[in-house]
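Take a look at the structure set out below.
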Amino acid sequence: MPPLPRKFNAEEAIQELVEINRKVLKGIETLSLIREDDIRIGASAKEEIYREDKVVLYRYSPLVEQPFPIPLLFVYALVNRPFMVDLQADRSLVHNLLKLGIDVYIIDWGYPSRGDRWLTLEDYIDDYLANCVDVVRERHDLEKINVLGICQGGTFSLCYAALYPEKIKNLITMVTPVDFHVADGLLNRWAGCTVGAQSVNFDLMVDALGNIPGSFMNAGYLMLKPFLLGVQKYLDVIDIMDNEQELMNFLRMEKWIFDSPDQAGEAFRQFMKDFYQSNKLIKGEVKIGDRGVDLKNIRMPVLNIYAEQDHLVPPASSLALEKYCGSEDYKALSFPTGHIGMYVSGKVQRDLPPAIASWLKR
Amino acid sequence: MEENFKDWTDQVEAIAKAWSDAQKAIGEKWFEFLRAAPLASEPQREMSEKWSKLAQEGIAAWTASSEATAKGTAQRLLAGQEAWMKTVELATQAWKAIVSKMESGEQWQSALNHYMDDVRRQSLQSPEKLFKSAQDVGELWQLYLQEFQKLVQPWVKGLQQAEAQVGRAATGDGSALLELSRLYWDSIDQSVGRLLQSPGLGSTRELSDKFAKGFAAWQDLREASVAYQVMLVEAATRVLEQAFKEMSSMAERGEKIQSVRQWVLPLERVADPVFAEIFSSDEFVRVQGRLLNASMAYSIRQREIVEQFLKISDIPTRSEVDEIHHTLYAQRKEIKALKKALAECTAKINRMTKNRRSKV
């Protein structure tokens, strides 16, 4: 006889079914009353400092009278919106850093449209990012500023730091892919780190789609954990349907996840082919425009932060930085969480901001 | 406004009551079934279908005016619920099948393996049919051309008749090619015949070639889709298999499933690790890559055909718009570079002027 954990009491089970569906009904009723504007992401006050094409540089309003003199520029990925770092007041890396006296800037890459289909990595790194750094330097009359790059934004920051080491005082990379051929990363494998050209033909993809739709990217991310992200999450939410605050937290996260900008075609092509497929970053073969990126040029202090359970950027991929960068002042810092947990986990938000602030002020 | 709100509330209450009643009735049936397993009836399927129908009605009524995030969440919430219902259904079906085999003296592990083999066979029936139909060129042409029907109506009418000719031609019947040619010409007469004298537009060979390449790309996409579906079915079957093994382990560990909702617990524990194992295999990466590449290649071929018709109608094509964007992009870069150079020159002149003045 196959062991079956338990036979149910029919009446109890029916009652449970009805109760679950009552909650679902109540939840949908609540959801139907929520307007898009009610779900606000980005809790901290900020002002626009500089704008170029669709890219906007913001400065967050300092929360202390005398902020730390060297500002920190956040460089986020092109995938998803940058305001995950300021999701809501009690889950905000930005807010916590502001409270600790850090002067924070952030780049919003915007939503590329068809007209941006030809933007290259050179445009993003050697134009937009470079100009934002210069604007911050000029505003504070500084030769060097601090940069914090997140995920793909971390990879961009590494390229920039290698090209312009004289403009960066301290470099922080967070959940940043460096070695794209670490085989335990599903994204790395899907992009072809093991089977090469037999995986995805990114030339064909960009030629066919132009810009890569955000929804297309999202479908791929959901496939990494189809049950958890497609089913389980929405079963679990039933339990918080009658708690408005928790429901709003959930909706903010949902909004962030599905608010995915399209990817500018040429930049996507180059990133996927040169970084994911050919792993050129650690080989010193990446070209931004006509200039080569040599990670050995990164001699400024480096703080490399990674998530121990990251399913998007495996720890080994981030940790490769130590081997390839030229910095003698290198420190790695990890947290027992996943890729997204780095921004929203209560425990991480308790420990990460002070770690960053004290490292910058050391 | 108040009246509307009252109507809306009444509507919600009515649907909620109907839903709850339906759930209760369906639930009762389901448990009758459980008690009597392994009977032949499948009330759980009915439960799942009714639930799905109610869910769709509910979501349409309640989120009609709500906005993107809330609406999307409601839809995903219901999809999650539906998936859970399906899980219960699958678990019950499997339980029924396994018990039935054990009653005829089979060990439960072996019964589970046999059941999973059945699931695989049933699930793959459809893809196998697709594979088979992939050999029937005429049928495929018909399906393929249906995709262009609205856009290129006169052409398609001719070509739909042509599918039989294509099949005959493929078997070496030369007369079919002549017939095919006549159908092409009829189509041309109905659509762009008046433009045929124009150089560059009148080449039937060009358009036929585009259709043929489109067909080849579409066929490749179908084959790639089938291969991908087969892998997904295999993945899902393995997940289910592991879920039952986990259920058995739970019982051995003394863990109890305390509620209907906890039916999903074994699945929750095994699903994503099993998916991850399969999805990270080189074989899956190749199959997925083939599907994506075939899909993109077909998209490009499709665009080539559409653009041909857009050109005939003097409507700008996507390729032309891309070209314009590229020109604008290049000019924007040039202007930025010139502005930067101008700023540097201006700064240099200002410095020189300042130095000269200070010397004077």
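Across region A:98-120, not a single residue is classified as among the aliphatic types (A, V, I, L, M), under 19 Å from A:LEU281 (Cα atoms), out of contact with any Ser or Thr (no Cβ under 6 Å at 6 or more places or on another chain) and open to solvent by 10 Å² or more (accessible area, probe 1.4 Å). Among residues of region B:207-264 being among the hydroxyl-bearing types (Ser, Thr, Tyr) and modelled with pLDDT of 75 or more, the one that is surrounded by the fewest Cβ atoms within 10 Å (Cβ to Cβ) is B:SER249. For region A:165-214, enumerate the residues that are polar (S, T, N, Q), in a helix (DSSP H, G or I) and within 20 Å of A:GLU322 (Cβ to Cβ). Answer for region A:165-214, where residues must be polar (S, T, N, Q), in a helix (DSSP H, G or I) and within 20 Å of A:GLU322 (Cβ to Cβ): just A:ASN188.
Examine region A:42-50 for a residue that is in a loop (DSSP other than H, G, I, E, B), among the polar types (S, T, N, Q) and more than 29 Å from A:LEU247 (Cα to Cα), and state whether such a residue exists. No: region A:42-50 contains no residue that is in a loop (DSSP other than H, G, I, E, B), among the polar types (S, T, N, Q) and more than 29 Å from A:LEU247 (Cα to Cα). Kindly indicate whether A:ASP134 is closer than 30 Å to A:ASN211 by Cα, out of contact with any Asp or Glu (no Cβ under 7 Å at 6 or more places or on another chain) and either among the charged types (D, E, K, R) or within 14 Å of chain B (Cβ to nearest Cβ) (or both). Criteria met by A:ASP134.
Reported count of residues in region A:221-264, each being part of a helix (DSSP H, G or I), of a type in the set (S, T, N, Q) and surrounded by 17 or more Cβ atoms within 10 Å (Cβ to Cβ), is 2. Residues in region B:279-309 that are surrounded by fewer than 17 Cβ atoms within 10 Å (Cβ to Cβ) and more than 7 Å from chain A (Cβ to nearest Cβ): B:SER281, B:GLU283. Scanning region A:129-162 for residues that are in contact (Cβ under 8 Å) with a residue 40 or more places away in the chain and among the charged types (D, E, K, R) returns A:ARG139, A:LYS144.
Looking only at region A:240-257, which residues are without any contact (Cβ under 8 Å) to a residue 40 or more places away in the chain and more than 8 Å from every other protein chain (Cβ to nearest Cβ)? Hits for region A:240-257 are A:ILE240, A:ASN243, A:GLN245, A:GLU246. Helices (runs of 4 or more DSSP H) fully within region A:265-324 that include at least 1 residues being open to solvent by 10 Å² or more (accessible area, probe 1.4 Å) and over 18 Å from A:GLY192 (Cβ atoms): A:265-270, A:315-319, A:321-324. Here the condition is being of a type in the set (A, V, I, L, M, F, W, C), more than 14 Å from every other protein chain (Cβ to nearest Cβ) and buried (at least 22 other Cβ atoms within 10 Å of the Cβ); of A:LEU93, A:LEU63, it holds for A:LEU93 alone.
The values are calculated or read from the model by the stated rules, or taken from the named source; none is laboratory data. All values reported here derive from a predicted model rather than from experimental measurement. Every residue, glycine as well, gets a Cβ built from its backbone with ideal geometry; the counts of neighbours run over all protein chains shown. Protein only, heavy atoms only, side chains kept; ligands, DNA and RNA dropped before computing areas. Shrake-Rupley method; radii C 1.70, N 1.55, O 1.52, S 1.80 Å.
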